[in-house]
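**Q** After the structure tokens below, expect a handful of questions from me.
The values are calculated or read from the model by the stated rules, or taken from the named source; none is laboratory data. Given the structure is predicted, the values throughout are model-derived calculations rather than measurements. Neighbour counts are summed over all protein chains in view; Cβ atoms, including those assigned to glycine, are modelled from backbone coordinates with ideal geometry.
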Amino acid sequence: MQHLPAMFAARPWDGLWPGPDLTFPGKWEDRNWRNVPGPIYGAMTDGCWFGRLYAPRHVLYGDDVHDEQEFLYRQPRNVHELRDVIVSAQADPYVGWGCDGDTHRTPSLVRDWWRDRDRSRDWITVGERALRDLVADLNTIDSEYGLIDTIYREQAWDAFQDLAGRLHIPEARASEWFDEDRRF
């Protein structure tokens, strides 16, 4: 990425940043399969959810046992977005981010990634199914037992919202699904 060396050279944030070698030591062979092609990728990251704080338009988290790490779902497109991704990478206690993706990716690997896009699409839709199933189960509980009053409705919303956050689904979208499907 052409701006990466300049970003570190300028050290616009009081020179407190470690250099690129310390920020991006991730290994290509450890990268998360969900990363989009480009120079920056998540490898063996910690998944402490720092990405959503510093680079929410770029970093997401896996949800399975082996790949709960952070990954890049969108490469930075300008200096401001790059700054956000760098700050997020520097917050990772495992220091598992890499920035040499362009030196490893070949046209063949990009074609393979594109060919395997259904795997990513399937992974994304699992979150919506889980949330809608939760509301369906709550609807059943309420219709059979009449248990979900105002207090429990708020608790149901809290649980739904927590699950949506864990699945990295934007709150506005999750709220639409909750309101569309809810009958209590």
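**Q** Which of the helices (runs of 4 or more DSSP H) found entirely inside the range 89-173 contain at least 3 residues meeting this: farther than 22 Å from Q69 by Cα and over 20 Å from the mean Cα position of the chain (by Cα)?
**A** Values: elements: 101-104, 107-115, 117-145, 150-166.
Here the list reads 107-115, 117-145, 150-166.
**Q** Continuing with the same structure: Against the conditions (1) outside the structural domain of Q69 (by TED's automatic domain parsing); (2) out of contact with any strand residue (DSSP E or B) (no Cβ under 8 Å at 6 or more places or on another chain); (3) in contact (Cβ under 8 Å) with a residue 12 or more places away in the chain, where does V110 fall short? Just the number, please.
**A** Result: V110 fails condition (1) only.
**Q** Conditions: (1) in contact (Cβ under 8 Å) with a residue 40 or more places away in the chain; (2) assigned to a helix (DSSP H, G or I); (3) not hydroxyl-bearing (S, T, Y). H80 meets all but one. Number of the miss?
**A** Single failed check for H80: (1).
**Q** Which one of L60, L4, L53 is more than 28 Å from D162 (Cβ to Cβ) and modelled with pLDDT under 90? Can you show your working first?
**A** Numbers: L60 fails: more than 28 Å from D162 (Cβ to Cβ); L53 fails: more than 28 Å from D162 (Cβ to Cβ).
Within the list L60, L4, L53, the selection yields L4.
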